[in-house]
Amino acid sequence: MKKTHALQIVCVSVVISGYALPGVAQDKNAARDLAASCFTCHGTNGNSVGNVPPSIAGRDRAELVQMLQDFKTGKRPATIMHQQAKGYTDEQLAAIAGYFAAQKPAPVRVPSKAGS
Amino acid sequence: MTIDRREFLKWISASAGIAALPACETTGAGGAGSARVVVIGGGFGGATAAKYVKLWAPDIDVVLVERSDRFISCPLSNLVLAGNTTMQEITMGYDALRSRGVRIIRDEAEAIDAEKRQVRLARGDVLNYDRLIVSPGIDFLDTIPGLRSPQARERVLHAWKAGEQTVALRKQLEAMPDGGVFVMHVPVAPYRCPPGPYERVCQVADYFKRAKPRSKILVLDANPDVVSKPGLFKAEWNGPYKGMIDYKPNSELEDVDAKGMAIKLTFDSVKGDVLNVIPPHRAADIAQKTGLITANERWCGLDWTTGESVTVKGIHVLGDATLAAPAMPKSASMANQHGKFCAAAVIALIKGQPVTPPVIMNTCYSFVSRTGAMHVTSIHQYDVAQKTLVPVKGAGGVSDKSSELEGTFAWGWARNIWADTLA
């Protein structure tokens, strides 16, 4: 377990150092902030309510990278992901995949009932 | 709420004739303890910002000021009009957000003193802040003389803020006799939720088809064409709802006659059994009072790297109240994304860390029936030369056509954005 975790950290830091916008200083939260745009549909940190669209927390990094690339090139059919993956650079997609791969699948939190 | 220790100390020092220390970004509002971020407005923008400042920087004190004890989602509220979902389904509480460690004060922000970095609440309490996030939503412009009286506003509804008006419009539609005419007016863009009016047309048509098949819908649009997903909406109107909907573009509203139940256009007057007029709107009152409105007396200009106001330092503005970057819609999805990038920027600014310009994504679904939906999506990357967020060319787009599969994703979207915002 520990070894896997350490490997993930290595992967993530490699990915992050590969991601940089022109003229912007290195930001240790860059991958998190990019991935946050996916939370809206895939849930906070990739843990999706009801698993629709699917949870992506803790998924294999290479698998996620491949999937995002396949959406981007149109190889993998989709209702919406093929349009969204095209909005990111390859480096950004890799950073996003690295972030979600490093997350632990967790029980979802849902809003409380009104008046509670 | 009682005055907390920080404010008490500050007032003691002030009354003792000692100048209060200016709020320091690293040591917190008023001096001792952690930094404080105050958020005004618990909608999609503000609640998300409050959640993520706390999640990503637990040491920061986060206070959310919200006047309601419940959150009612505008997305999916059109389904309530058709009886395709219930108010209960789109109404949520703030306890899950509270359990994240966000302090929630049920009150209304009455005034902001940007120099002293203080927010005064309607009940008289004063909150100090290091950084303030204002996510106030919209208020309506007073441009329709016939809607100035409360009686007129009760008769001719907007239902453009989900809640009582949603329920009231549903009741009007239920009370309307079969063979009646529902007339809707759409204001000139930009307005909250570009596809919203046209989704509403589909939902009302879905209800009429089922319950009042002889009824008609007249859409008076001040815009030259359907503002969002025109091809897709027209495919519905000429498909499953053929013969039910009359769409009239370039229909500028002059006035409303609530007694005579008529909408007056420049050259015409149109009667209906149920009128639904969405008045033009602007950033809500607190933004206006604070001098945050910078464009056309309606919207708040901001720095799209941090969300900070271009006029008032230390104040960040989110959501529908903002002067949109190019091709950026006023949507729940955008407000939720504003909340996250702003939270990241506010934390970085407080901690003296670098701020990376954001990449944000819009995803909006429109329901065209009880179960069918279609989407529009766009990705916005920061352009250093233009100093704003711009949509990525060749990315984003709309559905090929509405489908039940996308209806399932639309519900998934709703449940996830609610959780990402409120839990």
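Derivation of every value follows stated rules applied to the coordinates shown; laboratory data play no part. Nothing here was measured: the structure is a model prediction, and the numbers come from that model. Backbone-built Cβ (ideal geometry, glycine too); neighbour counts: all protein chains shown.
Structure remark: mean-square fluctuation, Gaussian network model of chain B, C-alpha springs under 10 Å; the largest value among B:Thr143, B:Thr266, B:Thr311 belongs to B:Thr266.
Restricting attention to the protein assembly as shown, close to 55% of DSSP beta bridges with both partner residues there are antiparallel. Principal axis extents of the Cα atoms in segment B:158-223, from largest to smallest and rounded to whole angstrom, are 34, 25, 14.
How big is the antiparallel share of DSSP beta bridges in chain B, given as a percent to the nearest 5?
Numbers: 40 of 72 bridges.
Here the share of antiparallel DSSP bridges comes out near 55 percent.
Its Cα centre serving as origin, segment B:254-398 has a Cβ charge dipole (Lys and Arg +1, Asp and Glu -1) of approximately 360 debye. Rounded to the nearest 20 debye, the dipole size of the protein assembly as shown about its Cα centre is 980 debye, using +1 on the Cβ of Lys and Arg and -1 on the Cβ of Asp and Glu. The mean sequence distance of close C-alpha pairs (under 8 Å, at least 6 residues apart), as a share of the length of chain B, puts its relative contact order at 18 percent.
The distance from the alpha carbon centre of segment B:114-187 to that of segment B:343-389 is 25 Å, rounded to a whole number.
For the protein assembly as shown, what does the alpha-carbon gyration tensor say about shape, rounded, prolate or oblate, given a ≥ b ≥ c as the root eigenvalues, a/c under 1.5 as rounded, and a/b over b/c as prolate? In terms of gyration-tensor shape, oblate. Across segment A:30-107, C-alpha contacts under 8 Å between residues 6 or more apart give a mean separation that, scaled by the residue count, equals a relative contact order of 38 percent.
Normalising the Debye intensity of chain B to I(0), with uniform scatterers on Cα atoms only, and taking log10 at q = 0.06, 0.08, 0.13 Å⁻¹ returns -0.26, -0.46, -1.12.
Looking only at Cα atoms, what is the convex hull volume of segment B:78-189 per residue, in Å³?
Output value, Cα hull per residue: 188 Å³.
Of B:Ile112, B:Ile217, B:Ile144, the residue with the greatest mean-square motion in the GNM of chain B, using alpha carbon springs below 10 Å, is B:Ile144. Over all other residues within a Cβ to Cβ distance under 15 Å of B:Lys212, the charged ones net out to +2, with Lys and Arg as +1 and Asp and Glu as -1. On the principal axes of its alpha carbon atoms, segment A:30-107 extends 32, 25, 19 Å, with the longest extent given first.
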